[in-house]
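The values are calculated or read from the model by the stated rules, or taken from the named source; none is laboratory data. Since we're looking at a predicted model, the values are computed, not measured. Note: ideal-geometry Cβ built from the backbone for every residue, glycine included; neighbour counts use all protein chains shown. For accessibility, only protein heavy atoms count, side chains too; no ligands or nucleic acids. Shrake-Rupley method; radii C 1.70, N 1.55, O 1.52, S 1.80 Å.
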Amino acid sequence: MRLNNQKAQEEMVGFALIIILVAVILLIFLGFSLRNQGKDSVKSYEVESFIQSTLHYTSDCRDNLEFFSVQELISKCNNDERCLDGRSTCDVLKPILNGITKESWKIGAERPVKGYEFKVNSTKKEILDIQEGNITANSKGSVQFLPNDIEIFFTAYF
C-alpha cells in the first residue's frame, strides 16, 4: 500500500509540474501578443473620422440666421469675414480646433499618441497650424479638400 501511495504522489507532482509549465508558456505568449497590439494603435479610419466630425462641429459664431459649423468657419476665415457680434471668424476658429484636438488626441510618453499636427491651408493663406507633442517616424494622416482650394491635413504620430 505504501508503494502505491508513493507512485500516486509522484504522478501528482509530475502533473502539477506540467500544469505550471503550460501556464508559464501561455503567459509568455499572452505577453507577446499584447505587446504587439500597441504598435499600430492609431487606425486610418480614426484620423479620417476625426476630420469629418470636426468639420460638423457647431460654433458660437453666427450670422442673422444660423450658427456656423467649423467647415463654414474655415471658408469664412479664408475670406476674412466676421461673425454677427463683430469677432473675426479666424479668432473663433483657432480656439475651437485647438480644444477639439486636445480633447480628442491625448498625447504623452505613456499614451499611444505621441503628437499630432493639424493644418488648414488655402491658396490665399495658411489658415491654421497646430502642432503638439513629438513628431515620430510612425504616423497616420488624412487630407480633406474643401471648396475654394482649402486643404485640411491631420497627422497623428505614435
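Of note:
- Restricting the stretch 136-152 to residues that are aliphatic (A, V, I, L, M) and farther than 15 Å from Phe50 by Cα, the residue that is least open to solvent (accessible area, probe 1.4 Å) is Ile150.
- Here Ser49, Ser41, Ser33 are screened, and the one residue that is modelled with pLDDT under 95, in contact with a Pro (Cβ under 6 Å, 6 or more places away or on another chain) and open to solvent by less than 80 Å² (accessible area, probe 1.4 Å) is Ser41.
- Whichever residue in the stretch 63-101 is touching a Leu at 6+ places or on another chain (Cβ under 8 Å) and outside any helix (DSSP H, G or I) and, among such residues, is modelled with the highest pLDDT: Ser69
- Taking the criterion of being more than 12 Å from the chain's Cα centre (by Cα), among the β-branched types (Val, Ile, Thr) and open to solvent by 50 Å² or more (accessible area, probe 1.4 Å), the only residue of the stretch 101-132 that qualifies is Thr123.
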